[in-house]
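Q: Below is the structure I would like to discuss, written out as structure tokens.
The values are calculated or read from the model by the stated rules, or taken from the named source; none is laboratory data. Here the structure is a predicted model, which is why all the values come from computation and not from measurement. For neighbour counting, all protein chains shown are included, and Cβ atoms are generated from backbone atoms with ideal geometry for every residue, glycine included. Heads up: the accessible areas ignore ligands, DNA and RNA and are worked out on the full protein's heavy atoms, side chains in. Shrake-Rupley method; radii C 1.70, N 1.55, O 1.52, S 1.80 Å.
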Amino acid sequence: MDAIITIIRNATACVKAMQLFPDSFLYDKTRNPLNHSLPAPFSDTTPIEVLMSFCQLYGCISLTRAGIRMVANSGVHKLRRINKLILAQSPSSTNDLASRIIDSSLKNEASAARRSIFMGVNVLIFGLSFIWLVALSWHFLDWIGGYNTMMWVFILFEVAYLPFLYYMVIDGNYFFAKAERMKKFSALLHKSSGRLGAVGGPKLVDTETYSWLVNGWTPFWSSETSSGEKTPSDEKDNQNLAKEVIEVDTKIMHLLSMNEQDVDEKEAKFIKQTIFSAADRLEKEFNVVKVKGWFEYIYLVLNCITFYGYLVGCVVFFFDEETSQPILVRNVKFGMDNQTAEWHGYYIAYIMVILDSVLRLSSPTIIGYLAVPKPSPRIKTD
């Protein structure tokens, strides 16, 4: 829904910027049914501005709520819970494989929670900045500081945009690196002949590879924590943590038990099925993860152009005297005058946002073509 509203909002902005359908009702303020009951300056709002304002208001509410949720539920509350669980980890278990996997997972989730807090603040800035766009559409911008205040808010918006570009690079690199790890691990599993001990044993198993072996692992601390919900007590969390350690330890020992001589034939057959099934699954998921990496880079290119388009508007705001502009500023504008450069900058930004939203809507379908039904477990015999 968010992506659809974003497409409508920016498509409407393009129509207005291009002055398309100039003789239609879109630009006739008398055709706005709300104007008959509204005083000035609201009565000057045209139908196309009304449509834009509703989309902008939706963006304001949606992004503000998302930012608060990222800071609170996925950030502060989750981080507080994870820190308690880390402290509850027994120091004597640091050499235990299962405990090391649990500890690594807790630290990874703590890092994700800190990122959520930081990015949530930036999303919150995005959401609040839409207030000035709504005011611009309804012509009461002077009531909240005027054009100059809106541009300073817009500059803050641009600053908040930079972390998103940075994490697109980080996430793209992560997906490519993960795809390579999946490919190598799949090859090792096939090479193992169903015996993990033959290719590294316990040294082979960490938080990531354990999740691959058991076809996904979602520990209870990975979910977001809401302050409005009844959260488990510290004692209950500690009990769940102890159970998780036991469960992980049991599964690991089960997978590594093929190194022992006392495993019966039926058990050995099941372990081989599990290992080769994981290998086949990783072979097929490898391309999916790699494509996700390419999508992140495409998003990066589109959003860099968007950032540049909006940046031109900020540059024009600071250097409004064209006769005294530095060479760098004139180059940023590609030699155009301020008004032309600002128009092209915003228009290109609108187009890039539309393309980004369309791509995000279609990416699950594109990636879905790479996802094939999971094969039945394949048994290999020596």
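Q: Ordering 283, 208, 244, 224 by accessible area with a probe of 1.4 Å, largest first, what comes out?
A: Working: 283 95, 208 45, 244 25, 224 70 Å².
So, going from the largest accessible area down, we get 283, 224, 208, 244.
Q: Principal axes first, then extents: for the Cα atoms of the chain, list largest minus smallest coordinate on each axis, whole Å, largest first.
A: Extents along the principal axes, in whole Å: 86, 45, 43.
Q: By Kyte-Doolittle mean hydropathy of at least -1.0 and Cα axial length of at least 18 Å, which whole DSSP H helices of the chain are selected? The partial results should precede the final answer.
A: Details: long enough: 2-18 (24 Å, 1.00); 47-71 (36 Å, 0.99); 97-137 (59 Å, 0.94); 146-191 (68 Å, 0.44); 234-256 (33 Å, -0.63); 265-318 (77 Å, 0.44); 338-370 (46 Å, 0.53).
Passing helices, by number: 2-18, 47-71, 97-137, 146-191, 234-256, 265-318, 338-370.
Q: On to the next question. Got a sec? What order do 281, 65 fall in by accessible area at 1.4 Å, biggest, i.e. largest, first? Can you show the working numbers first?
A: On the way: 281 25, 65 175 Å².
Order by accessible area, largest first: 65, 281.
Q: Assigning unit charges at the beta carbon (Lys, Arg +1; Asp, Glu -1) and nothing else, what dipole magnitude in debye, to the nearest 20, does region 1-127 show about its Cα centre?
A: Roughly 600 debye, rounded to the nearest 20.
Q: Residue farthest toward the positive end of the dipole of region 28-171, with Cβ of Lys/Arg at +1 and Asp/Glu at -1: which of 104, 55, 76?
A: Value: 104.
Q: Follow-up. Go ahead and estimate [θ] at 222 nm for the chain from helices alone: -39,500 (n - 2.57) per DSSP H run with n ≥ 4, summed, over the residue count, rounded to 500.
A: Working: 10 runs with 263 residues, N = 382.
Theoretical 222 nm ellipticity from helices: -24500 deg cm²/dmol.
Q: Follow-up. For 164, 319, write out the residues from largest to smallest accessible area, computed with a 1.4 angstrom probe and no ligands counted.
A: Values: 164 50, 319 80 Å².
Largest accessible area first, the list is 319, 164.
Q: Over the residues of region 154-209, compute the C-alpha Rg and express it relative to 2.2 N^0.38 Å. Can you show the working numbers first?
A: Numbers: Rg = 18.7 Å, N = 56, 2.2 N^0.38 = 10.2 Å.
Dividing the Cα Rg of region 154-209 by 2.2 N^0.38 Å gives 1.84.
Q: Right, next: Where nothing but the Cβ of Lys and Arg (+1) and of Asp and Glu (-1) is charged, how large is the charge dipole of the chain around its Cα centre, in debye to the nearest 20? Mind dumping the intermediate values first?
A: Numbers: 38 positive and 38 negative charges, 200 e Å.
Roughly 960 debye for the chain.
Q: Can you send over the solvent-accessible area of residue 159, 1.4 Å probe, protein chains only, in Å² to the nearest 10?
A: Spelled out: residue 159, probe radius 1.4 Å, area about 90 Å².
Q: Can you give me the Kirkwood hydrodynamic radius for region 279-342, using every pair of distinct Cα atoms, in Å to one decimal?
A: It is 14.4 Å.
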